[in-house]
Amino acid sequence: MTNHSGAFPINTCIYLQLWEARHPFFNSAGLFHRTSDEQYFDPRIMMSFGKSKIGRRIVVLVVVSVILSLITLTGLFLTFQLNDTLRTRTDGIKATGYVFASAIADDVATGNANGALKVLRSITRVPDVSYAVAVDSKGEQIAALGKSAMLVEDLVDDHIGMFELLTRGALPVTIEIVKGAEPVGRLIIVADVSGLRAQLLKTVIATLLAALVAGILGIVAAMRLQRRITAPILSLIGAMSHVRQARDYSTKVIHDADDETGTLVESFNAMITEIGYRDSALKRLAFFDPLTGLANRQSFHGQLETVLASCVDDQIKAALFLLDLDEFKSINDSYGHSAGDALLVNVAAALKHNASEHVHLARLGGDEFAIVVTGIDSEAEAQAVFAPIIQAISQPVEIMARHVQIGVTAGVTMIPRDGTTPSDLLRRADLALYSAKREGKGRMHIYRPKLDEDVQERTALAIDLRHAIRENQLEVHYQPQVNIHSGGVIGYESLLRWKHPTRGYVPPDQFIPIAESNGLICDLGQWILRQSCRQARAWLDSGFAVRQISVNISVAQIRQFNFPGQVEAILAETRLPPYILCLELTESLFAGYSAKRVKQVLEGLKGVGVSLAIDDFGTGYSSLSYLQGLPFDKLKIDRAFVSGIEEDADKRRLLTGVIDLGHALDLTIVAEGAETPGEIALLRQMQADQVQGYVFSKPLPAAQIVAATEEINCNFHERFTAPAELRKAG
């Protein structure tokens, strides 16, 4: 459908300033037509600039077709008309010639030229006859009358060409002269056809004029036709160019064609609409979190840049809060990812509900959210802002028919004090968040420069630790484990030690977390496992009886592919009997790991032939009921349960209950951290099986273990089984 100007609307609500700015030539030529609320794209103007090659070809094709058709039809008509006229003229001359041929037959037969000439004088009175000649049977001329532009020998042969006939203007007709049924000669009559030639010329001129008129009409018709055909195509070209330049997928081409071009326009409109839907969806996916509807990390970077610019230009201040939900992983693991997603949606809704116009919200990934609040001038104001955030998020919510409550930990950076780029602000807020997590949950830490120093310190230690593993600079110390009833040393726990070239001994609680966060923990675990097995084999080969060697295994090692196979390979390499090796696993094994998968790995290790112990029991995630059915051999009670049992009756009752329940599960009980003979006496009364602690020996290098073991074995009964008054006196 066209408007009053004959142009085709692209979209009644679209503005094409970008297109016009990039194509001033078209705009200055009037390519765009506007009304008060509409814009139109006129493809015919593009044709006037020679842009429509298809249109030109259509015009040329139509014009050439019309002219060729006219010329062909005219040529055929002229040929047919000329042949018909010549045939009629020839037949008339022949009819006359037969009469005169009979009249001069005797004269020709006898060679009477005068008699033949008298007869021929009469034939010249026939209209259009310009020449007549009689020849005998030998071709000798008997008599001739009139004037001819042709030779006699040519006249005898009346098969004259059309071109020669028209150029000479003469039509020769030959009639046989017969006497007594015998041919005696020929009578040739030449008719003047110059008038026919003039008539033919007039016909040709008329034909050319008709062809010219037809060509003009053809051009007019062709232009209308090509406009009809190319208008939607040019509209499509203009629309596609606009879409490509302006990325405006609301563009539409309106055309009333009911043929294939109309179908093409409809298909284009449908395609652009679909592309527009997909583009909108992709943009939303690119800048917004699909679950919560909050800005994503990429979009949040842009918001931070805007806030930073405002802080610089308008001299305002702001704060960036980086939030991490407490125990979110346990909710995911306990109730499933659907419950976790529902919780994230509730958290986002709570943040939106409490957000003002000066707040920017984002979900950066997982359970990590970011908030930028402008107009905060001090750390005290930041703490005041954080309080309602905690209150909003910590409200109990019902998720999948379960009441769930969750906390939040935060790291904060002040803008622009703590950074001039989004990356710096987010990195330092993350450092503050990590610092808050290390101290507990539900806390907020504000960034301090010392956090950067701590990061640099940990990074340097990580580099040195990697070098220490590669250069074999680590040591293994061994702490005896004693049978609390027989008094004999029954095994040793391998403990990793790192003597730094410049720092001296680095405590394990410093470098083990670094190894875990930098992916070195598996390398450390492999190293100490191999070294411990080699040492145990060396002791056996030297005649020193080793009943058991215990090695701590990290969760990361357990989660490696075919960890039981790795253990079996190390045992085969060091030639250590599997029953001597005991692997100690902490309760963190059960966090984020299904009971089925835990059992599968533990049974694989039991299949190798090693013993299994659960270490630091009571400080993590597990319970005795959770341990039921898992193939553990030992339960090592953390020193926090043992320390102070001489003075604390509640601790004694709790520890007795743990030991009894462990025995009910058929586990050997090992008490860690015993430091006094009194604690040993109480543990014996509680029926603990084994003890490990400084009361017997601190961890020692392998070279000192033999002597320490002999001393423990010799002095155990004297130190720990004598009457209490004798021990005090001693």
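The values are calculated or read from the model by the stated rules, or taken from the named source; none is laboratory data. Here the structure is a predicted model, which is why all the values come from computation and not from measurement. Note that each Cβ is placed from the backbone with ideal geometry, even for glycine, and that neighbours are counted across all protein chains shown. These area figures cover heavy atoms from the full protein model, side chains too; ligands, DNA and RNA do not enter into them. Shrake-Rupley method; radii C 1.70, N 1.55, O 1.52, S 1.80 Å.
Overview of results
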{"read-out": "Some residue of the range 263-286 being among the aromatic types (Phe, Trp, Tyr) and within 26 Å of Asn346 (Cβ to Cβ)", "value": "no"}
{"read-out": "Counted residues, the range 506-520 - those being open to solvent by less than 20 Å² (accessible area, probe 1.4 Å) and under 42 Å from the mean Cα position of the chain (by Cα)", "value": "4"}
{"read-out": "Criterion violated by Ala319 - all others in (1) aliphatic (A, V, I, L, M); (2) crowded, with 20+ Cβ neighbours inside 10 Å; (3) without any contact (Cβ under 8 Å) to a residue 12 or more places away in the chain satisfied", "value": "(3)"}
{"read-out": "Residue match in the range 384-401 (condition: within 23 Å of Leu291 (Cα to Cα), in contact with a Ser or Thr (Cβ under 6 Å, 6 or more places away or on another chain) and crowded, with 21+ Cβ neighbours inside 10 Å)", "value": "no"}
{"read-out": "Among (1) within 24 Å of Ser517 (Cα to Cα); (2) modelled with pLDDT of 95 or more - the single one Ile558 does not satisfy", "value": "(2)"}
{"read-out": "Test: residue in the range 645-657 that is within 57 Å of the chain's Cα centre (by Cα) and small (Gly, Ala, Ser)", "value": "no"}
{"read-out": "Helices (runs of 4 or more DSSP H) enclosed by the range 503-561 - at least 1 residues per element that are of a type outside the set (S, T, N, Q) and within 18 Å of Leu474 (Cα to Cα)", "value": "508-517, 521-541"}
{"read-out": "Condition met for Gly340 (within 30 Å of Lys596 (Cα to Cα) and open to solvent by less than 50 Å² (accessible area, probe 1.4 Å))", "value": "yes"}
{"read-out": "The lone exception for Glu672 - which of (1) on the phi < 0 side of the Ramachandran plot; (2) modelled with pLDDT under 90; (3) surrounded by 15 or more Cβ atoms within 10 Å (Cβ to Cβ); (4) charged (D, E, K, R) it fails", "value": "(2)"}
{"read-out": "2 or more residues at pLDDT 75 or above and among the aliphatic types (A, V, I, L, M): qualifying helices (runs of 4 or more DSSP H) within the range 79-167", "value": "105-110, 113-123"}
{"read-out": "Tally of residues being assigned to a loop (DSSP other than H, G, I, E, B) and not β-branched (Val, Ile, Thr) across the range 241-287", "value": "10"}
{"read-out": "One residue from Ala729, Ala703 being open to solvent by 40 Å² or more (accessible area, probe 1.4 Å), of a type in the set (A, V, I, L, M) and either at pLDDT below 90 or within 57 Å of the chain's Cα centre (by Cα) (or both)", "value": "Ala729"}
{"read-out": "Among residues of the range 105-125, those that are open to solvent by less than 50 Å² (accessible area, probe 1.4 Å) and free of Cβ contacts under 8 Å to residues at least 60 places away in the same chain, counted", "value": "9"}
{"read-out": "Inter-residue pairs, beta-carbon under 8 Å, first over 14 Å from Leu308 (Cβ atoms) and in the range 417-435, second open to solvent by 70 Å² or more (accessible area, probe 1.4 Å), 6+ apart", "value": "Ala432/Arg448"}
{"read-out": "Residues of the range 255-267 satisfying the condition of being open to solvent by 60 Å² or more (accessible area, probe 1.4 Å) and in contact with a strand residue (DSSP E or B) (Cβ under 9 Å, 6 or more places away or on another chain)", "value": "none"}
{"read-out": "Residue that is most open to solvent (accessible area, probe 1.4 Å), among those in the range 349-365 that are under 14 Å from Ile390 (Cα atoms) and at pLDDT below 85", "value": "His353"}
{"read-out": "Failed condition for Pro183, given (1) modelled with pLDDT of 80 or more; (2) surrounded by fewer than 17 Cβ atoms within 10 Å (Cβ to Cβ); (3) more than 23 Å from Ser194 (Cβ to Cβ); (4) out of contact with any strand residue (DSSP E or B) (no Cβ under 8 Å at 6 or more places or on another chain)", "value": "(4)"}
{"read-out": "Candidate set: the range 442-487, residues that are assigned to a loop (DSSP other than H, G, I, E, B) and open to solvent by 20 Å² or more (accessible area, probe 1.4 Å); chosen: the one farthest from His717 (Cα to Cα)", "value": "Arg448"}
{"read-out": "Failed item, numbered, when Glu439 is tested on (1) modelled with pLDDT of 90 or more; (2) surrounded by fewer than 21 Cβ atoms within 10 Å (Cβ to Cβ)", "value": "(1)"}
{"read-out": "Subset of the range 571-598 that is under 20 Å from Ile331 (Cβ atoms) and open to solvent by 40 Å² or more (accessible area, probe 1.4 Å) - its residue that is modelled with the lowest pLDDT", "value": "Ser594"}
{"read-out": "Where Ala246 falls short, out of the listed (1) over 30 Å from Arg427 (Cβ atoms); (2) touching a Phe, Trp or Tyr at 6+ places or on another chain (Cβ under 7 Å); (3) modelled with pLDDT of 75 or more", "value": "(3)"}
{"read-out": "Any chance Val551 is without any contact (Cβ under 8 Å) to a residue 60 or more places away in the chain, open to solvent by 10 Å² or more (accessible area, probe 1.4 Å), touching a helix residue (DSSP H, G or I) at 6+ places or on another chain (Cβ under 8 Å) and among the aliphatic types (A, V, I, L, M)", "value": "no"}
{"read-out": "Tyr492 touching a Leu at 6+ places or on another chain (Cβ under 8 Å), under 17 Å from Ser611 (Cβ atoms), touching a residue at least 60 places away in the same chain (Cβ under 8 Å) and surrounded by 14 or more Cβ atoms within 10 Å (Cβ to Cβ)", "value": "no"}
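Residue-by-condition table, conditions (1) open to solvent by 80 Å² or more (accessible area, probe 1.4 Å); (2) among the basic types (Lys, Arg); (3) under 30 Å from Ile415 (Cβ atoms):
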{"position": "Leu236", "(1), (2), (3)": "no, no, no"}
{"position": "Ser241", "(1), (2), (3)": "no, no, no"}
{"position": "Val253", "(1), (2), (3)": "no, no, no"}
{"position": "Asn269", "(1), (2), (3)": "no, no, no"}
{"position": "Arg284", "(1), (2), (3)": "yes, yes, yes"}
{"position": "Phe287", "(1), (2), (3)": "yes, no, yes"}
{"position": "Asn296", "(1), (2), (3)": "no, no, yes"}
{"position": "Ser299", "(1), (2), (3)": "no, no, yes"}
{"position": "Ser310", "(1), (2), (3)": "no, no, yes"}
